[in-house]
Amino acid sequence: MKPFVSIIIPAYNEASRIGNSLNRIISYMNNSKYSYEIIVSDDGSRDETIAISESFDEVRVVTEGKNFGKGRAVRRGILAAKGTIRIFTDADLSTPIQEIEKLLAELQKGYDVVIGSRAVNDDLIRKHQPFYREFMGKTFNKIVQVLVLKGISDTQCGFKGFTEKAAEDIFLRAKMDGFSFDVEILFLADKLGYRIKETAVEWYNDERSTVSPVVDSIRMFKDITRIKKLHAGSFVEPK
């Protein structure tokens, strides 16, 4: 049967925490009213991420066997999914899985894309990032709003949901493999005329994050200047 919800987890060398996260997701979803599937989209892990993920009967693993980047992993998982609703979440569950209810509620109201946000309600950030990371993140989002996409206060929270149609339309067009893919998919959603909702979610910083605040930020700043060029002339008719 076609699942109602597809949960996609991009993963790169997540052996130390993927098992615990999958247990939490499976436990929650088994007690929900929704049919579901879980897809771990491996990004060329060199540890036991795949083996651990495949040990769960409820989990399907997709991989290309090489490390291309989070954007590529999310895109692969979203397009391999079969759910009416498709949600991706980070392997560390910085946003607890129960917050999926907020995304589903808005999608069922008629929104096409619903994104978790740390900026809508700062009180829901239960564990903050170090000051310099928060400052760089807020600066990045201000630049995004000026150059690419107005009206979205937090593009980078790794907790986003899509209708089946929006997911396939957007991710078939997406091209960026790195962390700036979040900006690209929201840019595409906006240009294609999809209804986007930003909703506050609970969030906990994971101190084991592999994102480099300097190297990855520089790369992302470069990428956002390319987004409009990458998709110039791509939008003949909005949906």
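The values are calculated or read from the model by the stated rules, or taken from the named source; none is laboratory data. Since this is a predicted model, take the numbers as computed values, not measurements. Because the Cβ atoms are built from the backbone with ideal geometry, glycine has one as well, and the counts that use them run over all protein chains shown. With ligands, DNA and RNA removed, areas are computed over all heavy atoms of the protein, side chains included. Shrake-Rupley method; radii C 1.70, N 1.55, O 1.52, S 1.80 Å.
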_Accessible area per residue, Å², segment 1-127 with all protein chains present, probe 1.4 Å_ = 43 Å²
*Net charge of Cβ neighbours under 10 Å - reference C157; Lys, Arg +1; Asp, Glu -1*: -2
*Quick one: net charge of E106's neighbours, Cβ under 12 Å, K/R +1, D/E -1?*
+1
*When the distances between all Cα atoms of segment 72-123 are binned every 5 Å from zero, what whole-number percent does each bin get?*
4, 16, 25, 27, 20, 6, 2, 0
_Links that overshoot a 26 Å alpha carbon limit, given the list K2/K165; K66/K228; K33/K66; K2/K229_ = K66/K228; K33/K66; K2/K229
*Just the ratio, please: alpha-carbon radius of gyration of segment 1-102 over 2.2 N^0.38 Å, N its number of residues.*
0.97
*Projected-area mean, segment 43-91, by convex hull of Cα positions, square nanometres*: 3.7 nm²
*Can you give me the pair-distance distribution of segment 140-203, C-alpha pairs, 10 Å bins, whole percents?*
20, 58, 22, 0
